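Asks: A single structure is presented below for examination.
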There are 2 protein chains.
Amino acid sequence: MIPAELIKKKRNNQVLEESELREFLTGYVKGTIPDYQMAAMLMAIYFNSMEPDEIDSLVAIMLESGDRMNFSHLDRYVADKHSTGGVGDKVSIILGPLLASAGLAIPMISGRSLGHTGGTLDKLETIPGFRTNIDLSEFNRLVHDVGIAMISQTDEICPADRKMYALRDVTGTIESIPLICGSIMSKKIAEGIQGLVLDVKTGNGAFMKTKERAQKLGAALQRIGKSFQITTDVVYTSMDQPLGRYAGLWCEIQESVDGLHGKGPEDTMIITYELGARLLLQANLAQSREAAITLQKDLIHSGAAYDKFLEMVGAQSGDPEVFDNNSEHHGAHFEQIIAAPLSGIIQKMDTYIIGLAIVELGGGRKKASDLIDPSAGIEFYHKIGAEISKGDTIMRCFNSNESKLEGASRMLTSSFEIGDEVVEHELIVQ
Amino acid sequence: MIPAELIKKKRNNQVLEESELREFLTGYVKGTIPDYQMAAMLMAIYFNSMEPDEIDSLVAIMLESGDRMNFSHLDRYVADKHSTGGVGDKVSIILGPLLASAGLAIPMISGRSLGHTGGTLDKLETIPGFRTNIDLSEFNRLVHDVGIAMISQTDEICPADRKMYALRDVTGTIESIPLICGSIMSKKIAEGIQGLVLDVKTGNGAFMKTKERAQKLGAALQRIGKSFQITTDVVYTSMDQPLGRYAGLWCEIQESVDGLHGKGPEDTMIITYELGARLLLQANLAQSREAAITLQKDLIHSGAAYDKFLEMVGAQSGDPEVFDNNSEHHGAHFEQIIAAPLSGIIQKMDTYIIGLAIVELGGGRKKASDLIDPSAGIEFYHKIGAEISKGDTIMRCFNSNESKLEGASRMLTSSFEIGDEVVEHELIVQ
């Protein structure tokens, strides 16, 4: 195999054989194919995409590059939830313990903040002591004992993805459907799950800006799930505005705890229950969507879901006592109010800019080595469709590094439009 | 500047500012932008091309990365000829000395064999002792004293191009008009020339397979020449069949010497005279195309052009005596005849395959470290439009490594089509 010829083949929009992809990818993992040839290949894939067969090969090869969990000894339904990434999206942190309390086993490998989107791991790590860097044998034991563990990608899981993902991030090749599919599905299949529900985000704060692109991605993910014998449901939800009342780090953990206490924001809970219902139906723990939603509400109101959350936090060395008196923990030292410059109705929110403002506040990384400010975040007082008066607080941003506050505030000031139209925001995109 | 953002900008088909391109390219030359980010950028340029202003910036930045010759002290017209690459194209070796004997100064930086195309340097180096690795001060002196020198790209000339070219070769990003333009024109402008004639090849043995693509490249090259105050003429010639009777290494030097003796193949001499006429007209050494062609024929028949060739060979440490008894030098040890499988008219020749067959014979490199067999080559007995009988010799291939002969012969057997149609080959494409 001449690597440059394979790059040209993809560049010329021809289909790569599985053997060709395997040689290229395994060569890359071994280091015989250098980063620059993979970078050219990734950009060629970005432009010419891949056929379903090629994507299946890609997933299989990435999967085979590492270990695969096996939970077939459990008598529980083993499942996971994945979101394609958004702003203020803390659903995993609520839904994981909730489903575990319903009797599912949830082996969840989560991600970090990426670009303008928040990362579950970064949020969880604001809990004092909480460990996400857990090896596969401990992961296995935690899922067995607790019913849930939320960990970071280890060296053992899909090393091809780790290496490719880092390269995609610096070569402008993130937003490619086959590459997104390869990255998500290889890791999810490696978790040894039977069922999966995908929250495919669409809108200005999502990687897929349009409903059509999101549906294309969702259909591709679902098709791959089927190819690998994983029952896969897809829900499309809007990222045309942030999810929930807060976006940031510790503030999202607090909001998740509110959710587990039955006091979560409506949009967040609607999506949580919708996604959860799909897995409860898959697991045969409910016979209808309505029954599945009722079951989840009961588990919240009984405290079972929150107890499972505390159990998980403890099992991963986090300090559950922080939730007893959370007003003291990670308090932001500085804040800035963003007020309405005129009266009217909020027409639009630029969720991408809002996500970047969180990074600017210190709540995300501009480069991999950046430290994160756990206190950084934004509170949303009003969202799309709200009628507001001049001077009303629209948002409040906060952090513990005053020098970063002004830049973020400026970004937020330009992140919404006020007008006369009566507008509605569609949360679940049909 | 975040390099990944510039890659995304080009990926999204936006125009890069000169300052952005400069930061990216100078960072690449210095090593702060790694190969993998340049590889992704090159592939994005391959797909989205560049606007004229971007191409001019690219050329200027590549040019500024190294030294620029200055021949303004010469009282001769300083010019060069460049071909976009073909099979059997030995025109530079005839035309360079011919124009120098007419009084032009020709500072020619030539290239090596690339893919299926032959390289002037590799051909010249089959002359015993001939040096092409010459530094700029000697280059300057040779052009001053002899009127011509044919050298390889030095470290001092366009280091950005050297580094980018090597990367393009292994990342499938050669066939991009803006990148071809940048590579050719930065080097030609660095030669300090006043005039340039470009032989833009088109057809199945060219990098530009269609007349439209060739004309697009030619127009872009000419526009850049104008931007940089270089009088630039373009001639489009066919690569739908090899040029001349021979293609290979030493055999092309022999054929060039035949040409300088007035015994060259008709197609090769037509193109030589056509290209030469453009530069003689530019230099005001002829008042009409016809007069320019007559002048060249006179310089050939008087022996002046051949004498200049021998002078150049001697000045570059080559042994001119090899031409006194050339039958002994680089004799091929093995040969194979390719005969017509049926009677009819040659309809087509696959010049790309013929070029690859030369590589297979040992006349080109599959990787940069491959040694070249100077005796390798092909003789063409008949070309497009020739009426032939079953069993007639169509080609003869030869080399000094028998193990490589059969593979090449097989390629050549499939490199032509015989049919009934009366066909003609258009040498100079209008």
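The values are calculated or read from the model by the stated rules, or taken from the named source; none is laboratory data. All values reported here derive from a predicted model rather than from experimental measurement. Neighbour counts are summed over all protein chains in view; Cβ atoms, including those assigned to glycine, are modelled from backbone coordinates with ideal geometry. These accessible areas exclude ligands, DNA and RNA; they are computed on the full protein's heavy atoms, side chains included. Shrake-Rupley method; radii C 1.70, N 1.55, O 1.52, S 1.80 Å.
Asks: Too long at a 25 Å Cα-Cα cut-off: which of A:K209/B:K163; B:K188/B:K348; B:K90/B:K209; B:K216/B:K297? Please list the in-between numbers first.
Replies: Working: A:K209/B:K163 37 Å; B:K188/B:K348 34 Å; B:K90/B:K209 20 Å; B:K216/B:K297 32 Å.
In this structure, A:K209/B:K163; B:K188/B:K348; B:K216/B:K297 exceed 25 Å between Cα atoms.
Asks: Still on this structure, please answer the following. Sorting check: for A:59-70, A:74-85, which peptide has the highest mean count of neighbouring beta carbons within 10 Å, and how do the rest follow? Walk me through the numbers on the way to the answer.
Replies: On the way: A:59-70: 19.4, A:74-85: 21.5.
Ranking the peptides A:59-70, A:74-85 by packing returns A:74-85, A:59-70.
Asks: Per residue, how much space in cubic angstrom lies within the convex hull of the C-alpha atoms of the stretch B:271-369? Intermediate results must be reported in sequence, preceding the final value.
Replies: On the way: hull volume 23.3 nm³, N = 99.
So the per-residue Cα hull volume is 236 Å³.
Asks: Kindly express, to the nearest 10 degrees and within the range 0 to 90, the angle between helix B:35-48's C-alpha long axis and the longest C-alpha principal axis of chain B.
Replies: 80 degrees
Asks: Run through all the Cα pairs of the stretch B:37-165 and give the fraction in each 5 Å bin from 0, expressed as whole percent.
Replies: Binned Cα distances yield the sequence 2, 9, 16, 19, 20, 16, 10, 5, 2, 0.
Asks: Other chains near B:44-51: what is the mean number of their Cβ atoms within 10 Å of each residue's Cβ?
Replies: On the way: counts 8, 1, 5, 6, 1, 0, 0, 0.
The per-residue average across the peptide is 3.
Asks: Please state the Cα pair-distance histogram of the stretch A:118-237 with 10 angstrom bins from zero: what percent is in each bin?
Replies: 12, 36, 40, 12, 0
Asks: Average the reciprocal distances over every distinct pair of alpha-carbons in the stretch B:22-74, invert the result, and give the Kirkwood radius in Å. Mind showing how you got there, number by number?
Replies: Numbers: mean 1/r = 0.0791 Å⁻¹.
One decimal place: 12.6 Å for the Kirkwood radius.
Asks: Between the helical axis of A:91-101 and the dominant principal axis of chain A, each derived from Cα atoms, what acute angle in degrees is found, rounded to the nearest 10?
Replies: Helix A:91-101 sits at roughly 80 degrees to that axis.
Asks: Need the list of aspartates and glutamates near B:K187 for cross-linking: C-alpha distance under 14 angstrom, and skip anything on the same chain fewer than eight residues off.
Replies: B:D56, B:E64, B:D67, B:D80, B:D155, B:E156, B:D161
Asks: The stretch B:233-300: D in µm²/s via Stokes-Einstein (Kirkwood Rh, Cα pairs, 20 °C, 1.002 mPa s)?
Replies: Numbers: Rh = 12.8 Å.
Answer, rounded: 168 µm²/s.
Asks: With contacts defined as alpha carbon pairs under 8 Å and 6 or more residues apart, what's the relative contact order of the stretch A:206-333 in percent?
Replies: Working: 74 pairs, mean separation 21.1, N = 128.
Reported as a whole number, the value is 17 percent.
Asks: Quote the FRET efficiency, to the nearest 0.05, computed for A:E64 versus A:E156 with a Förster distance R0 of 22 Å and r equal to the Cβ-Cβ distance.
Replies: Working: r = 13 Å, r/R0 = 0.57.
So the FRET efficiency works out to roughly 0.95.
Asks: While we're looking at this one, here's another question. Any of A:K383/B:K10; B:K81/B:K404; A:K123/A:K201; A:K81/A:K211 with alpha carbons more than 24 Å apart? Name them for me. Display every interim value, and only then the final one.
Replies: Details: A:K383/B:K10 34 Å; B:K81/B:K404 34 Å; A:K123/A:K201 19 Å; A:K81/A:K211 20 Å.
In this structure, A:K383/B:K10; B:K81/B:K404 exceed 24 Å between Cα atoms.
Asks: If you fit an axis through the alpha-carbon atoms of helix B:52-64 and take the longest principal axis of the Cα set of chain B, what angle between them do you get, 0 to 90°, nearest 10?
Replies: 90 degrees
Asks: Mind checking the per residue accessible area of chain B for me, 1.4 Å probe, whole number of Å²?
Replies: Details: 16620 Å² over 430 residues.
That works out to 39 Å² per residue.
Asks: Using a 1.4 Å probe on the protein chains only, how many percent of the accessible area of chain A belongs to carbon and sulfur? Write down the numbers at each step before the final one.
Replies: On the way: 7810 of 16620 Å².
Carbon and sulfur together cover 47 percent of it.
Asks: So, one more: Taking every pair of alpha-carbon atoms in the stretch B:109-188, give the share separated by more than 15 Å as a whole percent. Working shown, then result.
Replies: Details: 1984 of 3160 pairs.
When all Cα pairs of the stretch B:109-188 are counted, 63 percent exceed 15 Å.
Asks: Using only the alpha carbons of the stretch B:91-148, what is the convex hull's orientation-averaged projected area in square nanometres? Show your work: numbers first, answer last.
Replies: Working: hull surface 17.1 nm².
With the hull built on Cα positions only, its mean projection is 4.3 nm².
Asks: Right, next: What percent do you get for the relative contact order of chain B when only Cα pairs under 8 Å and 6+ apart count?
Replies: Details: 872 pairs, mean separation 77.8, N = 430.
Worked out over chain B, it gives 18 percent.
Asks: So what's the projected area for the stretch A:309-422, the Cα convex hull averaged over all directions, in nm²?
Replies: Details: hull surface 35.6 nm².
The number I arrive at for the stretch A:309-422 is 8.9 nm².
Asks: Here's a follow-up. Partner chain Cβ atoms within 10 Å, averaged over the residues of B:28-41 - can you pull that number for me? Please report the intermediate quantities before stating the final value.
Replies: Values: counts 0, 0, 0, 0, 0, 0, 5, 6, 11, 7, 4, 12, 16, 5.
Average per residue, whole number: 5.
Asks: Now a separate question. Show me, for the stretch A:295-312, the HN-Hα J-couplings you get by feeding each phi into the Karplus relation (A = 6.51, B = -1.76, C = 1.60, θ = phi - 60°), rounded to Hz, glycine and proline as x.
Replies: Ordered by residue, 3J(HN,Hα) equals 4, 5, 4, 4, 5, 6, 5, 6, x, 5, 5, 5, 4, 5, 4, 4, 5, 4 Hz.
Asks: A further question on this structure: Return a whole-number percent for the relative contact order of the stretch B:353-430, with Cα pairs under 8 Å and 6 or more residues apart as the contact set. Don't jump to the answer; show the numbers that get you there.
Replies: On the way: 90 pairs, mean separation 26.1, N = 78.
Normalised by residue count, the contact order of the stretch B:353-430 is 33 percent.
Asks: Averaged over peptide B:161-168, how many Cβ atoms belonging to another chain are found within 10 Å of each residue's Cβ?
Replies: Working: counts 0, 0, 0, 0, 0, 0, 3, 2.
Whole-number average of other-chain Cβ neighbours for B:161-168 is 1.
Asks: Treat every Asp and Glu Cβ in the protein assembly as shown as -1 and every Lys and Arg Cβ as +1, leave all other atoms uncharged, and give the resulting dipole magnitude about the Cα centre to the nearest 20 debye.
Replies: Working: 82 positive and 118 negative charges, 79 e Å.
Using Cβ point charges on Lys, Arg, Asp and Glu, the protein assembly as shown gives about 380 debye.
Asks: Same structure again: Determine how large the accessible area of B:K211 is when every protein chain is in place; take a 1.4 Å probe and give Å² rounded to the nearest 10.
Replies: Using a 1.4 Å probe on the heavy atoms, I get roughly 80 Å².
Asks: May I pose another question? Reachable aspartates and glutamates from B:K263, Cα under 18 Å, same-chain residues fewer than 8 places away excluded?
Replies: Cα-Cα hits under 18 Å: B:D89, B:E252, B:E255, B:E274, B:D298, B:D307, B:D324, B:E379.
Asks: Excluding ligands, DNA and RNA, what is the accessible area buried between chains A and B, summed over both sides, using a 1.4 Å probe, to the nearest 100 Å²? List each step's numbers first, then the result.
Replies: Working: alone 17510 and 17510 Å², together 33240 Å².
Chains A and B together bury approximately 1800 Å².
Asks: Using just the Cα positions, wrap the protein assembly as shown in a convex hull and report its mean projected area in square nanometres, one decimal place.
Replies: Numbers: hull surface 170.1 nm².
With every direction weighted equally, the projected area is 42.5 nm².
Asks: Taking amide hydrogens as modeled 1.01 Å from N in the peptide plane, which residues meet the under 5 Å criterion relative to B:A149, leaving out close sequence neighbours?
Replies: Counting only residues 5 or more places away or on other chains, the set is B:I106, B:M108.
Asks: Can you work out the Karplus-derived ³J(HN,Hα) for every residue in the stretch A:176-183? Use 6.51 cos²θ - 1.76 cosθ + 1.60 with θ = phi - 60°, whole Hz, and x for glycine or proline.
Replies: Residue by residue, the stretch A:176-183 yields 10, 4, x, 6, 4, 4, x, 5 Hz.
Asks: Can you give the log10 of the normalised intensity I(q)/I(0) at q = 0.06, 0.07, 0.10 Å⁻¹, computed with Debye over equal Cα scatterers of chain A?
Replies: Result of the Debye calculation: -0.24, -0.33, -0.69.
Asks: Convert each backbone phi in the stretch B:370-378 into a coupling constant with the Karplus relation 6.51 cos²θ - 1.76 cosθ + 1.60 (shift: θ = phi - 60°), then list the ³J(HN,Hα) values in order as whole Hz, x for Gly and Pro.
Replies: 5, 7, 9, 8, x, 7, 6, x, 9
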